[in-house]
Amino acid sequence: MDRRMDEQELLDSFEDALKACHIHACYQPQINHRTGRMVGAEALMRWRNPEYGLQYPADFIPVLEKNDLIYRADVHLFETVCRFQRRCLDKGIALVPISVNVSRYDIYRHDYVQAIEDIRRKYDIPVRQLRLEITESSAIAGMKLMTQTIATLHDLGYVVEMDDFGSGYSSLNILKDLDVDIIKLDMEFLRGEIGGRGGIIINSVVQMAKWLGMPLIVEGVETVEQADYMRSIGCDYIQGYLYAKPLAEDAFLQEVEKIEHEPLTPAMKLRTAINAGVFWDPNSMETLIFSNFVGAAALFTYDENGKVEFLRVNAKYLQAMGMNNSEQDIIAANFWDGFDEYNRAVYEKTLRQAIASGDEESCETWRDIHSACCGDDRICIRSHLRVIGSTGTQYLVYVMVQNITAEKKNYQLLSESERRFRFASEQANVYAWEYTIANHQMRPCFRCMRDLNLPPLLENYPEPAIDAGIFPPDYADMYRDWHRQIEQGVPHLEAIIPLTVGRIPFHVRYTTEFDENGRPLKAYGSATLVVDRGASGATGGDGAGQ
Ligand code: C2E
Ligand code: CA
Ligand code: CA
């Protein structure tokens with residue numbers, strides 16, 4: 001029967017426990033949930049007392065720390081792990097990297113790194129097969145010492161992990177200041193509330209780790225639901241009871257032999273050389289640029305299931321979207337809300353093009369937005385998308401947006417009024433035509449075709465109208481010049497011109513239509529009979545007017 005030992009019993013038996021290896025290691029595998037392969041393991045300290053049975057860290061580590069014994073226990077455990085790795089090497093078994101916990105009290109001891117390095121050399125273990133887990137709390141205890149220790153470990157080639165990331169208050173700053181290689185997150189944050197506050201914290205940490213290009217391991221994963229959730233937000237590396245409890249050395253050795261291994265890779269590979277770390281620093285030049293100079297921009301991830309997750313949006317982005325929401329609101333909201341099926345398809349097609357081309361790709365999509373103050377609205381957004389990073393299944397996308405709702409609405413109004421105009425022209429003494437600037441084509445209205453005997457399409461306009469004498473020779477150059485002016489973007493032209501051999505005075509008008517970039521696209525022409533007071537209507541032949 002196991003019984004918890006009290007402080008005095010622990011202290012009295014400590015020396016013997018070290019010598020007899022009663023203090024030993026259990027190993028918990030770390031698994032890639034996607035592939036089922038092992039990416040590493042963590043060594044966890046156990047103390048088996050011949051009299052009282054198995055003791056757990058929660059009960060004896062605080063006692064060892066308090067009595068300045070943890071250093072010796074940790075160095076002992078490191079040696080145990082080296083001995084295990086040596087055993088594998090000697091048996092010809094492929095090693096899996098094993099993480100060892102470092103107490104903050106170890107870091108206070110300036111000889112800790114030297115002590116473990118001597119042991120590693122003694123057992124001749126490749127340095128990449130040993131990882132060291134430090135915690136946020138030890139960092140808080142002394143940033144300078146911590147930074148130096150990590151630098152020394154890196155110089156020697158060790159991989160350093162940040163354990164229990166996010167449990168402290170200054171996590172973001174810690175990551176910025178400490179040059180760790182791997183982040184470990186505890187599922188504890190999420191217990192019982194997937195999608196709740198814990199979910200949001202975990203999610204933003206995962207997104208941040210990606211942006212920093214760091215591998216991320218989640219521990220304490222007990223259920224399939226939790227593992228699937230982590231996977232859904234792009235975190236595949238899992239350590240927890242779901243896959244394996246901490247195992248005794250022999251049992252672990254069997255797993256190492258049985259399960260295939262694979263290396264840990266960063267959650268996200270950046271395509272472009274952006275210094276991601278500074279991006280999260282509110283005072284960095286990059287953040288300054290992002291916030292103030294680049295226009296409306298955002299950064300999001302897009303995965304193979306079509307899920308979009310915002311990482312950052314700047315103030316101008318919020319403005320362009322016409323919302324009085326905060327960055328947090330946008331990040332928390334479902335991106336696809338507001339898109340109808342058609343517009344979503346357009347947007348996703350463009351995303352896929354951007355993924356394939358590695359270039360900037362653009363699209364225009366309409367979305368319904370809802371804002372607390374202004375109610376519902378429908379907006380048109382032009383998006384310029386560029387993929388700047390990727391994993392196999394998830395992409396990091398930088399998007400710049402323009403709100404082009406007003407332009408679009410003007411355009412619609414114009415074609416609407418044109419339609420109305422055309423309809424009206426059929427009723428009154430008006431001839432209308434449409435001139436396409438790019439190819440100099442003219443399409444006459446039905447009335448023109450009937451009265452002037454024109455085909456439905458005239459090439460090289462206005463020459464055919466001049467040749468046919470509709471525009472008389474003395475007005476030909478002026479009329480040609482109008483078309484040059486239209487091409488240069490003159491929005492409106494009008495004059496009284498005597499048309500046809502009969503030199504019947506018509507009020508001729510042109511209205512230019514522009515595309516969204518302000519380039520002239522088409523011009524709508526009309527000729528209205530100038531009716532002199534008392535003149536009988538020369539209506540061009542239909543005779544219905546008077
Ligand atoms: P830790 O470093 O965060 O280790 C993870 C703890 O979570 C371990 O507890 C592990 O057994 C437990 N765990 C793993 N999977 C699950 C799961 O699915 N659900 C739950 N509820 N728990 C899970 P353990 O072994 O009791 O260790 C507790 C803590 O003691 C460790 O937390 C670490 O801070 C410390 N510790 C363990 N070994 C050492 C060591 O060699 N040196 C030092 N200084 N501290 C150690
Ligand atoms: Ca740990
Ligand atoms: Ca942990």
(request) Please work out which residue is farthest from ARG86 (Cα to Cα), limiting yourself to the range 120-139 and to residues that are buried (at least 20 other Cβ atoms within 10 Å of the Cβ), away from ligand 1 (no atom under 11 Å from the Cβ) and not small (Gly, Ala, Ser). (result) GLU136
(message) Return the residues of the range 4-57 that are touching a Pro at 6+ places or on another chain (Cβ under 6 Å) and open to solvent by 30 Å² or more (accessible area, probe 1.4 Å); say none if nothing qualifies.
(response) LEU44
(message) Anything in the range 71-105 that is within 16 Å of ligand 3 (Cβ to nearest atom), open to solvent by less than 60 Å² (accessible area, probe 1.4 Å) and part of a helix (DSSP H, G or I)? List them, or say none.
(response) ASP74, LEU77
(request) Pairs only if they're at least six apart or on different chains, beta carbon under 9 angstrom, first in the range 34-52 and part of a strand (DSSP E or B), second of a type in the set (S, T, N, Q) and surrounded by fewer than 16 Cβ atoms within 10 Å (Cβ to Cβ); list them, first residue then second. (result) VAL39/THR265
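Let's see how each residue does on (1) farther than 28 Å from LEU10 by Cβ; (2) away from ligand 2 (no atom under 16 Å from the Cβ):
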site: PRO62; (1), (2): no, no
site: VAL81; (1), (2): no, no
site: ALA115; (1), (2): no, yes
site: ARG121; (1), (2): yes, yes
site: ILE134; (1), (2): no, no
site: MET143; (1), (2): yes, yes
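Let's see how each residue does on (1) at pLDDT 90 or above; (2) β-branched (Val, Ile, Thr); (3) more than 22 Å from TYR317 (Cβ to Cβ):
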{"site": "ASN334", "(1), (2), (3)": "no, no, no"}
{"site": "PHE339", "(1), (2), (3)": "yes, no, no"}
{"site": "GLN353", "(1), (2), (3)": "yes, no, no"}
{"site": "SER362", "(1), (2), (3)": "yes, no, no"}
{"site": "ASP376", "(1), (2), (3)": "no, no, no"}
{"site": "SER383", "(1), (2), (3)": "yes, no, no"}
{"site": "LEU396", "(1), (2), (3)": "no, no, no"}
{"site": "GLU416", "(1), (2), (3)": "no, no, yes"}
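Each row is one residue, and each column tells you yes or no for (1) modelled with pLDDT of 95 or more; (2) more than 22 Å from VAL530 (Cα to Cα).
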{"site": "MET442", "(1), (2)": "no, yes"}
{"site": "CYS445", "(1), (2)": "no, no"}
{"site": "ASP467", "(1), (2)": "no, yes"}
{"site": "GLN485", "(1), (2)": "yes, yes"}
{"site": "PHE514", "(1), (2)": "no, yes"}
(request) May I ask you to list the residues in the range 123-132 that are aliphatic (A, V, I, L, M), more than 16 Å from ligand 2 (Cβ to nearest atom) and outside any helix (DSSP H, G or I)? (result) ILE125
(request) Might you check whether a residue that is of a type outside the set (Val, Ile, Thr), over 26 Å from ILE31 (Cα atoms) and either more than 16 Å from ligand 2 (Cβ to nearest atom) or open to solvent by 20 Å² or more (accessible area, probe 1.4 Å) (or both) occurs anywhere in the range 152-165? (result) yes
(message) Of all residues being farther than 19 Å from ASN32 by Cβ, part of a loop (DSSP other than H, G, I, E, B) and within 16 Å of ligand 1 (Cβ to nearest atom) in the range 186-234, which is modelled with the highest pLDDT? Just the residue, please.
(response) ARG191
(request) For the range 226-242, enumerate the residues that are more than 24 Å from the chain's Cα centre (by Cα) and either away from ligand 2 (no atom under 16 Å from the Cβ) or open to solvent by less than 20 Å² (accessible area, probe 1.4 Å) (or both). (result) GLN239, GLY240, LEU242
(request) Please enumerate the residues belonging to the range 97-111 that are more than 16 Å from ligand 2 (Cβ to nearest atom) and touching a residue at least 12 places away in the same chain (Cβ under 8 Å). (result) TYR108, ARG109
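The values are calculated or read from the model by the stated rules, or taken from the named source; none is laboratory data. Just so you know, these numbers come straight off a predicted model, no measurement behind them. No Cβ is skipped: glycine too gets one built from the backbone with ideal geometry, and neighbour counts run over all protein chains shown. All accessible areas refer to the heavy atoms of the entire protein, side chains included, with ligands and DNA or RNA removed. Shrake-Rupley method; radii C 1.70, N 1.55, O 1.52, S 1.80 Å.
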